[in-house]
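Working notes for the structure below.
The values are calculated or read from the model by the stated rules, or taken from the named source; none is laboratory data. Predicted model, so just to flag it, every value in this text is computed and none were measured. With ideal geometry, Cβ positions are generated from the backbone for all residues, glycine too; neighbour counts draw on all protein chains shown. Accessible surface areas use protein heavy atoms only, side chains included; no ligands, DNA or RNA. Shrake-Rupley method; radii C 1.70, N 1.55, O 1.52, S 1.80 Å.
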Amino acid sequence: QVQLVESGGGLVQPGGSLRLSCAASGSIFGFRHMAWYRQAPGEQREFVASITGGGTTNYADSVKGRFTISSDNAKNSVYLQMNSLKPEDTAVYYCNIEARTGLLSTGNYWGQGTQVAVSS
């Protein structure tokens, strides 16, 4: 019933930029935590960035200073602005949302992933 729709992936040259979007639809009442993860072929899924409902952000060392995570609470959406992209950023990017599903309950949801390829 709750779905996350991702968009914004694509092919970009090194040094370029992309902006990923993830919008949650369905019956949710806000979020406590939103995050982006990525997974390259043959590698484990890794944390990229996160933001809490209060606006506190956290970043992996590998993207610090290049990526910016933000959210729009009214739209139940999370974004990832990626600048100065490097080939090692190539991966499938997944959004993750811990949402309020009731007064005393939360649910954890994942997007289907969007491909980011950084290559010349």
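Based on C-alpha pairs under 8 angstrom that are at least 6 apart in sequence, the range 1-83 has a relative contact order of 31 percent.
The ellipsoid that matches the Cα gyration tensor of the range 1-59 has semi-axes, each √(5λ) in whole angstrom, of 23, 15, 13, with the longest given first. Give the distance, in whole Å, between the Cα centre of the range 1-20 and the Cα centre of the range 41-112. Each part reduced to its Cα centre gives a spacing of 12 Å.
Surface composition of the chain: carbon plus sulfur atoms contribute 46% of the solvent-accessible area (1.4 Å probe, protein chains only, all chains present). Relative protection proxy for 48-58, 32-42, from highest mean packing down: 32-42, 48-58 (other beta-carbon atoms within 10 angstrom).
Per residue, the chain exposes 53 Å² of solvent-accessible protein surface, assessed with a 1.4 angstrom probe and all protein chains in place.
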